[in-house]
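Chemist: Sharing a structure here in structure tokens format.
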Amino acid sequence: MLKKIRILEYGAVQSTFFHRVLAIVSAGFVGLMTAFSIYGWEVINPTNVTWLLLEGDPFQHFIGWDAFRHDVWRWPLGAIPQMGTQVDSSIVYTDSIPLLAIPFKLISWALPENFQYQGLVMAFNMSLNAVAACWVALKVGARPLVSFFFSLLVLLAPIVLMRGLGTHGHEALTAHWLIIFSLGVALTFRNNNRAYLVWFVLLFMSVVVHFYIFFMVGALWFFWWMKSIFDSYKKDGPKALCARLALGSSFVIFIFFVMWSVGYFHYGLDVEKASGYGFFSAEGLTFLNPLSHAWFFGNDTLQSASRVLPGWQSPIKGQYEGQAYAGLGVMLFVLVSLSVLLRYFSAKEIRYLINNSWWVVAPALALFIFAMGDRWVIGKLVWEVPYPAFFDYFAQYLRSSGRLVWPLLYLIVVLSLLLCVEKLRSKFLSLLLLFCVWVQWEDVRPLNDFITDRLESNYRSTQEGAPYPAIENKILVDMIKRKEMIYYLPGNNMGELKPYLWLSVRYGKPINVAYFARADGGALVQATKEEVNRVKNGIIDSKGVYILTESNVYDSACQYKVISCLELMDGNFMAYKNIDLY
């Protein structure tokens, strides 16, 4: 029988408080330094903003925040109606991280005019990811040095590097510390009010960081809550059951209020459905595959997320969203833990472990199955797995389901540590983890170098001047200053919208459309259809400046004497009302 499974001892650790704190602080510091080495000060520096013009999603995140900080306070708090006046949206749908955007707006007067936190988010998330991993390791019984090395292994997870700046560009989705902390709480916290308070904080923070992070944390909490209710009933009867049920229900009500207040329900477009659930999914062997159809693979500088393994491309192109390569160091550590399990653990001990962790394993497995979508992929093989029709409405809001594999990967690594802590000497385990960290670093080094080189190149190129001529077009800028509104029509050319969003926010002028996460492009065109028809018929707003991106629109509009047109260097036309005729 196990001498002591730390998972049941709720954090019993044979070390001093000072050494535990030192391990956690050291993990956070190394995480911060790793972020600086990969992303560089030029990107992390909050006063550097022009490099974001060459980014995709990070520009959307920044411009949403920049528009939000310069607007008046509204309700919902996260609303930004001046950025996409024909849409109605919020900082939730620009992925501008309400947890930071709202507090920063409160002190906007003290911030420099040029201020971005995309780089800071990467730095702090990597630091907190390491802190969370170290904390969980200590909670399951690892010594401080073991916990520190374990945190470095988790820190170098490619699933974070492939999500952040320089790759997919989803800074909010690198907040894996919320998932790791949730796993630790679910595994080690007793059924008491302190545990509920910690869950309350985790749920609140995750919902104001990103919906997908919240969904994963919420799933882990829900299973823990159900077990809490059952345990309370067994121990203290129906009264305790009702108390736990009421407490958890109050959490749900509060979270819905928070979602309303930051702008989750403030959105005037349909969610895009054309390429949804089942397309942006995960393959069954995603933890082992360092390759996908992601845009940053297949070039001369980066052939794979691994220095050693070539990987394979899934038959479903959208499964880059579910790519969750673990890294050779993590794989090696898991293999060692499996050998420990098979050699040193009895069947009785394994049952004991399962009985005391199922409420964490179950949601992680459920999320993984959901992440695979309605087409299960193993290598090059595909199986159709139909879901009930009523499931479609729910699934469309989690169309990038592949991301939901992350909790299972972290759980596997944490349980691997637990097995090794239970049976291996701390000195040997420290050396093993140190070796795995070195293997992991060498394995993902090409990915790190690619990120560094790309961001550095973008920063240098923007120091030579704005990458879009429209931004420095004096005639256009002067017209925008004189007018009260910018119309971008017909609104379906998101690739060329960036400089006009920049000018809109820089000069405080509302713009009719903007790019938002999960937006349905067809719905966006439909929203501008009436305005497009007016322009084609020579009817335009005298207080607005129009950017026309399609020939059928500007050919029709520019034939009217009442409308003055000017072709811009990007091939679009600026149009405005000719006031000389009045």
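The rows are residues; the columns are (1) touching a residue at least 24 places away in the same chain (Cβ under 8 Å); (2) over 30 Å from Leu419 (Cα atoms).
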{"site": "Arg163", "(1), (2)": "no, no"}
{"site": "Tyr212", "(1), (2)": "yes, no"}
{"site": "Pro238", "(1), (2)": "no, yes"}
{"site": "Gly278", "(1), (2)": "yes, yes"}
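Chemist: Is it the case that the stretch 421-428 has a residue that's at pLDDT 95 or above and aliphatic (A, V, I, L, M)?
Modeler: Within the stretch 421-428, not a single residue is at pLDDT 95 or above and aliphatic (A, V, I, L, M).
Chemist: Can you tell me which residues in the stretch 483-510 are part of a helix (DSSP H, G or I), touching a residue at least 24 places away in the same chain (Cβ under 8 Å) and of a type outside the set (Ser, Thr, Tyr)?
Modeler: Met494, Glu496, Lys498, Pro499, Leu501, Trp502, Leu503, Val505
Chemist: List every residue pair whose Cβ atoms lie under 7 Å apart, where the two residues are 6 or more positions apart in sequence or sit on different chains, the first residue falls within the stretch 107-135 and is more than 21 Å from Thr452 (Cβ to Cβ), and the second residue, located anywhere, is among the polar types (S, T, N, Q) and in a loop (DSSP other than H, G, I, E, B).
Modeler: Taking only residues 6 or more apart or on different chains, the pairs are Pro112/Thr47; Asn114/Thr47; Phe115/Thr47.
Chemist: For the stretch 539-563, what are the residues that are surrounded by 13 or more Cβ atoms within 10 Å (Cβ to Cβ) and part of a helix (DSSP H, G or I)?
Modeler: Once the filter is applied, which keeps residues that are surrounded by 13 or more Cβ atoms within 10 Å (Cβ to Cβ) and part of a helix (DSSP H, G or I), the stretch 539-563 yields Val553, Tyr554, Asp555, Ser556, Ala557.
Chemist: Filter the stretch 309-337 down to residues that are touching a residue at least 60 places away in the same chain (Cβ under 8 Å), in a helix (DSSP H, G or I) and among the aliphatic types (A, V, I, L, M) and give me whichever is farthest from Val154 (Cα to Cα).
Modeler: Val336
Chemist: Sticking with this one: Those residues that are farther than 25 Å from Lys498 by Cα, of a type in the set (A, V, I, L, M) and assigned to a loop (DSSP other than H, G, I, E, B), I need them from the stretch 69-128; list them, please.
Modeler: Ile107
Chemist: Just give me the residues in the stretch 116-130 being more than 19 Å from Pro98 (Cβ to Cβ) and surrounded by 24 or more Cβ atoms within 10 Å (Cβ to Cβ), in sequence order.
Modeler: Met126, Asn129, Ala130
Chemist: Just checking, does the stretch 77-86 include any residue being hydroxyl-bearing (Ser, Thr, Tyr), surrounded by fewer than 24 Cβ atoms within 10 Å (Cβ to Cβ) and closer than 29 Å to Gln526 by Cβ?
Modeler: Yes, the stretch 77-86 contains a residue that is hydroxyl-bearing (Ser, Thr, Tyr), surrounded by fewer than 24 Cβ atoms within 10 Å (Cβ to Cβ) and closer than 29 Å to Gln526 by Cβ.
Chemist: Another question about this same structure. Being at positive phi, buried (at least 20 other Cβ atoms within 10 Å of the Cβ) and out of contact with any Asp or Glu (no Cβ under 9 Å at 6 or more places or on another chain) narrows it down to one residue among Gly237, Gly263, Gly218; which is it? It would help to see each step written out before you state the result.
Modeler: Values: Gly237 fails: buried (at least 20 other Cβ atoms within 10 Å of the Cβ); Gly218 fails: at positive phi.
So the residue among Gly237, Gly263, Gly218 that is at positive phi, buried (at least 20 other Cβ atoms within 10 Å of the Cβ) and out of contact with any Asp or Glu (no Cβ under 9 Å at 6 or more places or on another chain) is Gly263.
Condition check ((1) closer than 17 Å to Ser292 by Cα; (2) among the β-branched types (Val, Ile, Thr); (3) modelled with pLDDT under 90; (4) out of contact with any helix residue (DSSP H, G or I) (no Cβ under 9 Å at 6 or more places or on another chain)) across all residues:
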| residue | (1), (2), (3), (4) |
| --- | --- |
| Leu342 | no, no, no, yes |
| Glu349 | no, no, yes, no |
| Arg375 | yes, no, yes, yes |
| Lys380 | yes, no, yes, yes |
| Leu409 | no, no, no, no |
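Chemist: Across the stretch 396-420, what is the total count of residues that are of a type outside the set (S, T, N, Q) and over 19 Å from Thr286 (Cβ atoms)?
Modeler: Of the residues in that region, 5 qualify.
Chemist: Can you report the number of residues in the stretch 29-43 which are surrounded by fewer than 23 Cβ atoms within 10 Å (Cβ to Cβ) and touching a Gly at 6+ places or on another chain (Cβ under 6 Å)?
Modeler: Result for the stretch 29-43: 0.
The values are calculated or read from the model by the stated rules, or taken from the named source; none is laboratory data. Predicted, not measured: the structure shown is a model, and the values here were computed from it. We place every Cβ from the backbone using ideal geometry, glycine too, and count neighbours over all the protein chains shown.
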